[in-house]
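For reference, the structure is listed below as structure tokens.
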Amino acid sequence: MKKLMTICFSVLVFGKILFCQLTVLTSKSDLSFRPEGEISHTTSLGVFSVAPLLRNDISPTSNTSTNELQKQFNLAKSLYDKEDYFDAITEFKRLLFFDKDSTYTFEANYKIGECYKEGAKFSKAILYFTYAEWSANNTNELYNSRISIVRTNILRRTTSNAVILLDSLQKDPRFYNKLNDINYWKGWAYIFADNWEQASEAFGKISKKQPLKKLCDKVISERYSVTAANILSVVLPGAGQIYTGNILSGMLSFGWNLLWGYITINSIVENRVLDGIFVGDLLWLRFYFGNLQNAKKFAIERNIEISNKALSYLQYKYQGEKP
Amino acid sequence: MKKIFFLTLILLIQTFPQSIYSPANIKKFADYLFCTKDYLRAALEYQKYQNISFNDTVQFKIGLAYSRIGDYNFSEEAFQNIPQSSNFYSLSKSEFLKAIFLAGDFQKFDTAFSNSGLNTNPEMRKLNDFTFFYTKKKLPTKQDFLNPFDKTERNVVNKFYDFKADPQYKSPLTAAILSSIIPGGGKFYTDRISDGVTSFVLVGLFTFLSIDNFNAHHDFRAWIFTAASTFFYAGNVYGSAASAQIYNAKLDYDFSVRIKAYLDSKNYFLPQISFCK
């Protein structure tokens, strides 16, 4: 009996070693593609019967121990913690590939999403957060995946998608206790959509003293009215530019309009109607409409500057949670 | 008893956990990455596998993976490392040439094509013919050029050849001269009819107004109209020369887009290989 056990053990160990070796040796050439007949340069062991296992079957065939999967998860996680996102994605993908029981499906997909997000591959990040959402094991994981999708949409500037998702979360009774959080991210979505009024409203639902509400209100008060700039320039050419702080451009615009207006009127007064029509139509109107466009353009540009200043503050100085 | 013993033994071997990092599993994982189009990671995993055990298929896939992400230097290197004894050898030479072609190094392509031994391969001769469209090399005769192509291909390639032989460019100098003689003439020459009419009317109108104002002794307005007509006239001459350059650039761009679309549709005259189910 002892002899039998010893033989059994030895065969088991050597069998395993032999199996692994043959797996390597027989894979010298993949048999799945044979454009010019049989492959001739394989090793003498190339005809061994385990070779078909190595053909284009890309699902893992061997069982992977729980311990090894745990080690793999730890490895991937440590790479993620070291901010080595490229390798972290590879190792999380390897974990997913060999994790036949789907033990790590949520964590791995979620982390892959995070890695892609860190690398600014937002579309891929959203894809993996969606996979994580599908494999969520509880409400908390489901919520986290969806919020991650929202946050990535905000960064990707597809803010309307973010708002739609947040609205659906808001209506979901499972997340009634997360309303403040939902409003917080809604505020961020509106900030990135350059809609500071609605952002202020969303932050205001959390608290009237919410620091980001104060920031939004400050931006709203600093912004220029595009309509006002336009109307001012309609009434007095150059006034819209001066309103937006572009004094030189405003003065020049005023000067040109004055010159061409004078020549147009003067021509008509001197009975040179044709001259007046052409100067008025081709020169005066050109400068007049140019002045209107400029006033609008400057107001928009100044508003972008104000928004960018606020965004720069949010990026570098704001201490709270960011998308 | 013996039967049960061997059956148990076989089952144990089959179910014995195999390491994630065993060569076979590295390859399986790389295949998975390759088939999910994560080509850079696939190439890196295949390289890990190659460090343990060389496989010509894997080497070929490394080349393909790098080629598909546009990393042609690594792709060329991978295809060059396929041994002569491999089934993939001849195909790898074609893929090697394709990688050089895609990298846009046509001088290198010429040398590689001459040394590849594929000078008589009709598919590679087709690809070689297409290098003439990207370079300033002297075109061979139409008959020689079209020789490797079959009947269906000839229709399209013939048009490409005709364009390359005589691209029907517009001369910026001619356009400028035409516009200086008749305002807007250069724009008509470059098929910008509405621009031509506008130039003609504007220059004509302001010139008339300036002469008329000089005749009526309204010197101030006359000088303003003279300045405006001179400005429009100069703009019309310069604009016509620029219009010819834009016309030519558009021709070249359209030509390159059509060639690229054609080559893509033909997979650069290489067989389509699918390693994935």
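The values are calculated or read from the model by the stated rules, or taken from the named source; none is laboratory data. Computed from a predicted structure; not experimentally measured. When we count neighbours, we look across all protein chains shown, and the Cβ atoms used for this are built from the backbone with ideal geometry, even at glycine. Please note that ligands, DNA and RNA were not included when accessible areas were found on the heavy atoms of the full protein model with its side chains. Shrake-Rupley method; radii C 1.70, N 1.55, O 1.52, S 1.80 Å.
Here are a few things to note about the model shown:
- Rounded to the nearest 20 debye, the dipole magnitude of the protein assembly as shown is 1560 debye, with +1 charges on Lys and Arg beta carbons, -1 on Asp and Glu beta carbons, and the Cα centre as origin.
- Within 10 Å of the Cβ of each residue in B:86-92, the mean number of Cβ atoms contributed by other protein chains is 4.
- Over the protein assembly as shown, the pair-distance histogram of Cα-Cα distances with 20 Å bins from zero comes to 14, 27, 32, 21, 5, 1, 0 percent, rounded to whole numbers.
- Think of chain B as having a plus end and a minus end, set by charges on the Cβ of Lys, Arg, Asp and Glu; of B:265, B:84, B:175, B:84 sits farthest toward the positive end of this dipole.
- Taking only Cα atoms of region B:166-277, radius of gyration then Dmax in Å: 23.2, 87
- Note that region A:226-316 presents 57 Å² accessible area per residue, ligands and nucleic acids not counted, probe 1.4 Å.
- Over 31 Å between alpha carbons, listed pairs B:61/B:137; A:111/B:260; A:82/B:108; B:37/B:93: B:61/B:137; A:111/B:260; A:82/B:108
- Solvent-free Debye scattering, log10 I(q)/I(0), computed from the Cα coordinates of region A:84-128 at q = 0.16, 0.29 Å⁻¹: -0.36, -0.98
- Computed packing ranks the peptides A:82-91, B:157-166 as A:82-91, B:157-166, most packed first, by mean other Cβ atoms within 10 Å.
- Mean projected area (nm²) of the alpha-carbon convex hull when region B:90-222 is viewed from all directions: 12.7 nm²
- Whole-Å semi-axes of the ellipsoid equivalent to region A:226-316 (Cα gyration tensor, √5λ, descending): 36, 10, 9
- When every Cα-Cα distance of region A:68-199 is counted in 5 angstrom steps from zero, the calculated P(r) takes the values 2, 12, 19, 19, 19, 12, 10, 5, 1, 0, 0 percent.
- What you get for chain B, charging only the Cβ of Lys and Arg (+1) and of Asp and Glu (-1), is a dipole of about 1020 debye around the Cα centre.
- Inter-chain neighbour count for B:25-37: the average number of beta-carbon atoms from partner chains within 10 Å of each residue's beta-carbon is 5.
- Peptide B:49-57 is shielded by partner chain Cβ atoms: per residue, an average of 4 of them sit within 10 Å of its Cβ.
- For peptides A:251-260, B:137-146, sequence by mean Cβ density within 10 Å, most packed first: A:251-260, B:137-146
- Span from the region B:67-112 Cα centroid across to the region A:74-152 one, whole angstrom: 36 Å
- Using a Gaussian network model of chain B in which every pair of alpha carbons under 10 angstrom is joined by a spring, one finds that among B:65, B:30, B:175 the greatest mean-square fluctuation is at B:175.
- Region B:101-212, dipole about Cα centre (Lys/Arg Cβ +1, Asp/Glu Cβ -1), debye to the nearest 20: 240 debye
- With a 1.4 angstrom probe, the accessible area lost at the B-A interface totals about 5300 Å².
- For chain B, the mean residue ellipticity at 222 nm estimated from helices alone is -24500 deg cm²/dmol, where every DSSP H run of n ≥ 4 contributes -39500 (n - 2.57) and the total is divided by all residues, rounded to the nearest 500.
- For region A:83-92, 3J(HN,Hα) per residue [Karplus equation, 6.51 cos²θ - 1.76 cosθ + 1.60, θ = phi - 60°, Hz, x = Gly/Pro]: 6, 8, 5, 4, 5, 4, 4, 4, 6, 5
- Reachable aspartates and glutamates, given that their alpha-carbon falls under 16 Å from the alpha-carbon of residue B:187 and they are not under 8 places away in the same chain: B:195
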